[in-house]
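Reading through the structure tokens given below for one structure.
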Protein chains: 4
Amino acid sequence: MAAVIRVCLIGAGRAGKVHARTLTQYLPNGKLVALVDPVAETLAATGSEFGVDQRFETLETALAWGEFDAVIITTPTFTHQVLAVMAAEGGKHIFCEKPMALTLAECDAIIAACERNGVLLQLGFMRRFDPDFAAAYERIQAGEIGQPMLIKSLTHGPGLPPAWARDLRTSNGMLAEVNSHDWDCTRWLMGSNPGRVYVETANFKGAAHQIDTPNFYDNVLVNIRFDNGALGSISGVCPCEYGYDARVEIIGERGIMQIGDIQGQAVIVGTNRAQGYVTPIYRTWPERFAWAYIREITHFIASIQHGTLPAVSGQDGRWAVAGVLAGTKSFLEARPVRLSEILDAAGQPVDAAKGQ
Amino acid sequence: MAAVIRVCLIGAGRAGKVHARTLTQYLPNGKLVALVDPVAETLAATGSEFGVDQRFETLETALAWGEFDAVIITTPTFTHQVLAVMAAEGGKHIFCEKPMALTLAECDAIIAACERNGVLLQLGFMRRFDPDFAAAYERIQAGEIGQPMLIKSLTHGPGLPPAWARDLRTSNGMLAEVNSHDWDCTRWLMGSNPGRVYVETANFKGAAHQIDTPNFYDNVLVNIRFDNGALGSISGVCPCEYGYDARVEIIGERGIMQIGDIQGQAVIVGTNRAQGYVTPIYRTWPERFAWAYIREITHFIASIQHGTLPAVSGQDGRWAVAGVLAGTKSFLEARPVRLSEILDAAGQPVDAAKGQ
Amino acid sequence: MAAVIRVCLIGAGRAGKVHARTLTQYLPNGKLVALVDPVAETLAATGSEFGVDQRFETLETALAWGEFDAVIITTPTFTHQVLAVMAAEGGKHIFCEKPMALTLAECDAIIAACERNGVLLQLGFMRRFDPDFAAAYERIQAGEIGQPMLIKSLTHGPGLPPAWARDLRTSNGMLAEVNSHDWDCTRWLMGSNPGRVYVETANFKGAAHQIDTPNFYDNVLVNIRFDNGALGSISGVCPCEYGYDARVEIIGERGIMQIGDIQGQAVIVGTNRAQGYVTPIYRTWPERFAWAYIREITHFIASIQHGTLPAVSGQDGRWAVAGVLAGTKSFLEARPVRLSEILDAAGQPVDAAKGQ
Amino acid sequence: MAAVIRVCLIGAGRAGKVHARTLTQYLPNGKLVALVDPVAETLAATGSEFGVDQRFETLETALAWGEFDAVIITTPTFTHQVLAVMAAEGGKHIFCEKPMALTLAECDAIIAACERNGVLLQLGFMRRFDPDFAAAYERIQAGEIGQPMLIKSLTHGPGLPPAWARDLRTSNGMLAEVNSHDWDCTRWLMGSNPGRVYVETANFKGAAHQIDTPNFYDNVLVNIRFDNGALGSISGVCPCEYGYDARVEIIGERGIMQIGDIQGQAVIVGTNRAQGYVTPIYRTWPERFAWAYIREITHFIASIQHGTLPAVSGQDGRWAVAGVLAGTKSFLEARPVRLSEILDAAGQPVDAAKGQ
């Protein structure tokens, strides 16, 4: 077992820096040894901030150097397949941010490359490592609320996504870039795959932001029927202005469970009798999921050290992509879409709800 | 202006007794003078409990006596049209519980009879009179959260509805009997009519309760597109076991608003370190909406005294029925249903989102 | 049993109007038939608002008329003894607001007059009738948190008390006028009499309000040792600006109990990511204890009708006065004061923790 | 600036292991290089758990080896002075757990030794580094609630302290071992030194635990008058059974602030309508203050690297001891005790409320 796993971070932007911080600050078993980013300024700034001297404009040059065990991919979604396959071919273990890729074919290519080269693949569904979500999952498994019947999951984010991420020609839009976590969480917590989805979207702020992208939406509401007959709802709102909001509510045969809260800090202040008292709200996702981001990378590094499969697999990433594709088809065609329509086109995935 | 409005209560069961209590305990301007119920035992028990001597098996006989100004109808939905029209023809003002009726034609018959006879008609959407909901409505109107973009409304109830109320052959099922309030609240708070709905249902407990009613469901999830482009979700779970739950969450262009809570009492007890602390939950709808039930009847009586239109109209009741019918059609046909499909069949209702 | 108890309200100001509303709106068994107030304008305004034609400047003249069964006394504390004794001598049942009186001798005179004339006496400790407090009491009695060891009770109010109420020459100050409820609640919930008290006070806002009253304070902190060895704390802050705040926390041998909350309404709004979300706070005591005020008068009227002793007795009122007197002596002399020092001077009260 | 600060941990028990985890897991700038513990088994177990090979039975032998820059002292209070002075004489920087020592003379000896040898001294008041408490402090400083007038701070812990820690012959009892944090927090947040204290204690569970230690108490309630006229309350309950509870409430001239909460996790479950819903509670202090423990050691290491004074000084530790001594004298003598009585006996401390 290697004492320290050396990591090359691909993508030195905001999400990348969250993982860079984990590796340099909170993870003695992992070491950030190299950075890849095509933008020179980003590369220099992040390299300097985290004291990483090995800096590369491309993954090819980083692989040519090669003194690392694993990569963490935090680049835009449309680059994932090429980078992940290249890293796998280079024999590097892969931590890949969500969404996994744009299509099921891309997902399949990544999964196949990892299997072919015997490297591990973990998807960036950090909510599974959040103390709240993880405890909730255990309690559901233990039967505390009985068989889950209905789940509602939401992700509302404060800021406008970058142009590529809200354009269906370069991404799968908010359903993928913002709500990937909800697609994964609902399937994980319910223990069943989505079978049919129906989606409505709305565009309230596009005009104010001079966005004329076709089919742009800033609100989305998903209705899911799971294979086991249970129901699910996902909502996405971005930008929502009021904070970063990620919560789940589940009704089981025996009761209700709520996971997460908007309260961002246990400090309450009241100074205005007519208005009320004020409680801090979560402002950003790194703030809300601080421990989850640390724990998911800790898990990835430990999986490499012990040669065990990560708890969040390529199949999990693929299922989230499948949900997104079905959902997008639904609102574009204004009809419910069966997951089988999406999956059949790509060949059946593995059956198990929980991945490999 | 009559000093005291005399009321005949039609339906002396659970919902009827809630109103009977308001009239006898909390409303000096209203007086419960007569009861109508076909079940002799119920009639006797409720009459005795509230000290009402005038007791009738039928509305006909009550009208023959005739010493009252208004009726409150709390009987099963399928009886509403006949009773309401008869009361209107008798010149009595009408407070009618939700759902208003089974079909739009029935709704229209009631509305027409009331107009023809110059009597007032108020629907039993008491949430509009709840201090929380009423304050929330005012704050939305004042623009506090900007233009509402997305609403989620839920009603989960603890007990199994009676057989007639869960059978699509004798009622419109849970969507109507439990979720009528959500249909009304979402339209009222969003200030827009529903334009298209999609519904999924699930049946988790039917077998355990030996229910073989066709199309029975105990979980329902509605996806709504409003005419103004906003989105909405309604969930219904019955029986949900854990309490009586009625909450709304709205995302507007400027922020979030949550209305209602599951906390039923401000007493918290912690005695088990491994488990946590325990907070009372609302157990029943009379408990959750205690003030709302008092305030809606107060409003009805005051409307009669002052000859003003009640704030919740027959059109509001008709819209809730239209949503239910569209929703039921949706899950039976597994497709989104436009409200116009329902409304066209019945003739267009008035346009305004807020009723007459 | 009289069908309706006729009540004369003595004191037509703010507190009086709360009870007037209960009698006219929420209590069919009670009827407000007369008002007494020496201020002509107040008398006319309140009389008009509640439709009471019998209006008197003095209790003497009201008694000369005499067509009522009971009085509710809501005048300033220093008038209680004379009015209560006079009403008792006139054979009227008495509901007396807190504080009962200025001295134990005055309390004794009231109690004796009531006993001598066979009239009932109830003190205005409405918290005992609040649904939260009442449920908490029952759960403590049932042993849910075990033997109570430590209690903290607070009353913080938004507005500056009137001049007479903050001057130790005309009242017992905030400890009495604001914190009487805490003296009663701690003794009631702990099931033990206070044995020794120590009090610190502070004056932060007197100068800004041009108050040069000797010994004026706007913050007070009481430390209590109960006769059974348990501990207690009372805090008073007035004016506190931020709302009306009345909460209790109890630690028992088996756990913790919290009673009450500052949340005044179940509507939460978040529109400012940097600040957080805003929850309404209780603004006033009539708002916080709306049901308690209704239920205590309902209890008083029912006690008269059934000839049973009210649950809150003159002895309860006397104990609160004793605590106040010991507390005031404590901060004036900067030392702990035993209740026996106060009680001995007045003759021993009855022993039982819960009054008569 | 040294890249890595080498630390010797003195005391390999529960508190020591919390810091050992920070050093090995979350602090790349700090390295745990040696352990001191007189108990062979503890030494071996903790050494093995954290991979520390240098293990010593005494500080003398560790100092003889000497390959470290700083010590963290987590041994029982009565050993602090000897160990801290010895470490200072050996030129090691010192992080010392609370309470600082048993007497002001011991505190002075530690402070003097650190000054004489030019080593830094930080006290273990980790609440100052908790995100909630730190944010609250900043907001008070910014004037959000105006001038603080009244503070309540509590520490209630689930388990019975060890025998030495509850015996006034070998410690200063719960007031010191449990409530040291409250003595520090109240002074820090109020920005004023305590001037007079009054304390009541209670013993409810001693008999059940066969504790016959003189003056044993398991409940304590402190009343404080600060030098600036503000008021304060501290409560201690141990064992409290229900969880680990550390909260503060402050009333300022402009409003209220609450810091901390009993909620230990954002997962709520309701399955029992009659009982309510259940929320996890904080069970232990390492759980409640997870980030605070990481951040205080991070601060200590950074202070050494940058040669800056730690934010929590020896004077802060000494003030907490002074409060404890005054409080203990108060309940033993049943009277309020001025801090000057304690401080005069020891020579005046520095004036500033916020330490050196």
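Listed conditions (1) in contact with a Leu (Cβ under 8 Å, 6 or more places away or on another chain); (2) at pLDDT below 95; (3) of a type outside the set (Lys, Arg) are all met by B:Asp245, apart from (2). No other residue among B:Gly243, B:Gly323 is away from chain C (no Cβ under 14 Å), surrounded by 21 or more Cβ atoms within 10 Å (Cβ to Cβ), part of a helix (DSSP H, G or I) and touching a residue at least 60 places away in the same chain (Cβ under 8 Å) apart from B:Gly323. Considering every residue within the range A:27-35, establish whether at least one is assigned to a helix (DSSP H, G or I), among the hydrophobic types (A, V, I, L, M, F, W, C), under 22 Å from A:Tyr293 (Cβ atoms) and touching a strand residue (DSSP E or B) at 6+ places or on another chain (Cβ under 9 Å). No; the residues of the range A:27-35 include none that is assigned to a helix (DSSP H, G or I), among the hydrophobic types (A, V, I, L, M, F, W, C), under 22 Å from A:Tyr293 (Cβ atoms) and touching a strand residue (DSSP E or B) at 6+ places or on another chain (Cβ under 9 Å).
Residues are listed down the side, and each one gets a yes or a no for (1) under 25 Å from A:Phe289 (Cα atoms); (2) touching a strand residue (DSSP E or B) at 6+ places or on another chain (Cβ under 8 Å); (3) not β-branched (Val, Ile, Thr):
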site: A:Ala109; (1), (2), (3): no, no, yes
site: A:Leu121; (1), (2), (3): yes, yes, yes
site: A:Arg127; (1), (2), (3): yes, yes, yes
site: A:Ser153; (1), (2), (3): yes, yes, yes
site: A:Ala163; (1), (2), (3): yes, no, yes
site: A:Val178; (1), (2), (3): yes, yes, no
site: A:Arg187; (1), (2), (3): yes, yes, yes
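Residues that are closer than 17 Å to C:Ile10 by Cα and touching a Cys at 6+ places or on another chain (Cβ under 9 Å) within the range C:93-141 comprise C:His93, C:Ile94, C:Met100, C:Ala101, C:Ile110, C:Leu120, C:Leu121, C:Gln122, C:Leu123, C:Gly124, listed in sequence order. Among residues of the range D:326-352 being part of a loop (DSSP other than H, G, I, E, B) and at pLDDT below 95, the one that is farthest from D:Phe129 (Cα to Cα) is D:Gly347. Selection over the range D:249-259 of residues that are touching a residue at least 60 places away in the same chain (Cβ under 8 Å) and surrounded by fewer than 23 Cβ atoms within 10 Å (Cβ to Cβ) gives a count of 4.
Of all residues in the range C:13-26, at least one satisfies being hydroxyl-bearing (Ser, Thr, Tyr), touching a Ser or Thr at 6+ places or on another chain (Cβ under 9 Å) and touching a residue at least 60 places away in the same chain (Cβ under 8 Å). Scanning for something modelled with pLDDT of 95 or more and over 21 Å from the mean Cα position of the chain (by Cα), does the range C:280-301 turn up at least one residue? Within the range C:280-301 (the criterion being modelled with pLDDT of 95 or more and over 21 Å from the mean Cα position of the chain (by Cα)), the answer is yes, since at least one residue qualifies. The set of residues from the range C:189-240 being among the small types (Gly, Ala, Ser) and either within 12 Å of chain D (Cβ to nearest Cβ) or over 19 Å from the mean Cα position of the chain (by Cα) (or both) comprises C:Ser192, C:Gly195, C:Ala202, C:Gly206, C:Ala207, C:Ala208, C:Gly229, C:Ala230, C:Gly232, C:Ser233, C:Ser235, C:Gly236. The residues listed here are D:Arg6, D:Arg55; of these, the one that is free of Cβ contacts under 8 Å to residues at least 24 places away in the same chain, within 30 Å of A:Thr24 (Cα to Cα) and touching a Gly at 6+ places or on another chain (Cβ under 9 Å) is D:Arg55. Note on the range A:273-320: among residues that are farther than 13 Å from A:Phe125 by Cα and charged (D, E, K, R), the one that is surrounded by the most Cβ atoms within 10 Å (Cβ to Cβ) is A:Arg288.
May I ask you to verify whether D:Leu175 is more than 23 Å from D:Ile256 (Cα to Cα), of a type in the set (A, V, I, L, M, F, W, C) and touching a residue at least 60 places away in the same chain (Cβ under 8 Å)? Criteria met by D:Leu175.
Between residues in the range C:136-149 that are over 21 Å from B:Gly264 (Cα atoms) and residues that are among the acidic types (Asp, Glu) and modelled with pLDDT under 95, which pairs lie under 9 Å by C-beta distance while being six or more apart or on different chains? These pairs meet every condition: C:Gly146/D:Glu241. Just wondering, is there one or more residues in the range B:75-83 that are surrounded by fewer than 19 Cβ atoms within 10 Å (Cβ to Cβ) and of a type in the set (A, V, I, L, M)? Yes, because at least one residue in the range B:75-83 is surrounded by fewer than 19 Cβ atoms within 10 Å (Cβ to Cβ) and of a type in the set (A, V, I, L, M).
Scanning the range D:152-188 for residues that are out of contact with any Ser or Thr (no Cβ under 8 Å at 6 or more places or on another chain), in a helix (DSSP H, G or I) and within 13 Å of another protein chain (Cβ to nearest Cβ) returns a single hit, D:Met174.
Assessment of the range C:204-215 against the conditions (acidic (Asp, Glu) and in contact with a Pro (Cβ under 9 Å, 6 or more places away or on another chain)) yields no matching residue. Between D:Ala64, D:Ala15, the distinction of being of a type in the set (A, V, I, L, M, F, W, C) and either surrounded by fewer than 18 Cβ atoms within 10 Å (Cβ to Cβ) or touching a strand residue (DSSP E or B) at 6+ places or on another chain (Cβ under 6 Å) (or both) belongs to D:Ala64 only. Condition check for B:Gly355 on (1) at pLDDT below 95; (2) out of contact with any helix residue (DSSP H, G or I) (no Cβ under 9 Å at 6 or more places or on another chain): one failure, at (2). Applying the set (1) surrounded by fewer than 17 Cβ atoms within 10 Å (Cβ to Cβ); (2) not in a loop (DSSP other than H, G, I, E, B) to C:Pro38 leaves exactly one unmet item: (2). When C:Gln122 is tested against the conditions (1) surrounded by 23 or more Cβ atoms within 10 Å (Cβ to Cβ); (2) within 14 Å of chain B (Cβ to nearest Cβ), the lone failure is (2). Highlighted here are the strands (runs of 3 or more DSSP E) found entirely within the range D:247-310 that include at least 3 residues which are more than 9 Å from chain A (Cβ to nearest Cβ): D:276-279.
Can you confirm whether C:Phe95 is under 19 Å from C:Ser313 (Cβ atoms), among the aromatic types (Phe, Trp, Tyr) and buried (at least 18 other Cβ atoms within 10 Å of the Cβ)? It is true that C:Phe95 is under 19 Å from C:Ser313 (Cβ atoms), among the aromatic types (Phe, Trp, Tyr) and buried (at least 18 other Cβ atoms within 10 Å of the Cβ).
Against the numbered list (1) more than 13 Å from the chain's Cα centre (by Cα); (2) away from chain B (no Cβ under 14 Å), C:Ala136 comes up short only at (2). Condition (residue is in a strand (DSSP E or B) and without any contact (Cβ under 8 Å) to a residue 60 or more places away in the chain) applied to the range C:77-85: is it met by at least one residue? No - not one qualifying residue is present in the range C:77-85. Specify the residue that is surrounded by the most Cβ atoms within 10 Å (Cβ to Cβ); the eligible residues are those in the range D:126-150 that are touching a Lys or Arg at 6+ places or on another chain (Cβ under 6 Å) and assigned to a loop (DSSP other than H, G, I, E, B). In this case the residue turns out to be D:Ile145.
The values are calculated or read from the model by the stated rules, or taken from the named source; none is laboratory data. Keep in mind it's a predicted model, so treat the numbers as computed, not measured. Cβ sites come from the backbone with ideal geometry, for glycine too, and all protein chains shown count toward neighbours.
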